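What follows is a short report on a single structure.
The values are calculated or read from the model by the stated rules, or taken from the named source; none is laboratory data. Note that this is a predicted model, so its numbers are computed, not measured. Note: ideal-geometry Cβ built from the backbone for every residue, glycine included; neighbour counts use all protein chains shown. Accessible surface is based on the protein model in full, side chains and every heavy atom, while ligands, DNA and RNA are left aside. Shrake-Rupley method; radii C 1.70, N 1.55, O 1.52, S 1.80 Å.
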Amino acid sequence: MPAPAKANPRGRPKGRAVLSQQDWFDAATEAILEGGFDQLRVLPLAKRLKVTRGSFYWHFDDLGSFIHLFLDQWQALRMRGLRYWQPGKDPSLSPEQEVDRVLTLMFEGPAVEFKRMKVEFAIRDYAQRDDYARNIVATVDNARVEQSAQLLEPLVAPGTARAMALIQYSTVLGSVLLFRGQLGGEESLATIRNHWQQLLSGPQATA
């Protein structure tokens, strides 16, 4: 006599419907890439994953909590990424070489990972109308600027590191948004990066 089938606890979906939270976050990322945060709806996401809405509600209370968790994960990933920018990561580098390393990460990283940047720009757009997203973006921005300021401190006039970091950060985000994928865009990005390097290694930087 075959053993009786195990009960499905709490009505948990079976088969393909048993997805992880990450499956839903990945589906949300693809939807955002196609049309921004306006594409985040439970039924379209479920159809994208070929499951019913019940699978969504197994993991999340509602769409709002799902979006908050998605944003939390984005923040955690971006904060973790700052470890690559840490001052003194390679003790053999001079301050100028350290900044050059970070400039390479700042300008070349977004160019290589433009899919990630498209999600970031969509989050920034969403933050214009959502307080939770606005706070998430502000936290990431402040952490990035503070870390850049630490890197620039030995190279710029006293008391100007944070202002220079703000200008540098704005330049990077703006240049990627303006020039990536545009005619002559890669050349424009290289020009901006090279001039930043010259600015930070010139005599005016330590005057």
Spin-label model distance (nm) - residue 194 vs residue 50, 7 Å beyond Cα toward Cβ:
5.0 nm
Kindly report the accessible area of segment 81-178 per residue (heavy atoms of protein chains, probe 1.4 Å, no ligands, DNA or RNA), in Å².
50 Å²
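Counting only protein heavy atoms and a 1.4 Å probe, tell me what percentage of segment 20-87's accessible area is made up of carbon and sulfur.
49 percent
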Å³ per residue enclosed by the Cα convex hull of segment 52-97
96 Å³
Can you classify segment 23-91 as rounded, prolate or oblate using the Cα gyration tensor, where a ≥ b ≥ c are the square roots of its eigenvalues, rounded means a/c under 1.5, and otherwise it's prolate if a/b beats b/c and oblate if not?
prolate
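Protein chains only, probe 1.4 Å: how do 186, 34, 98 rank by accessible area, largest first?
34, 186, 98
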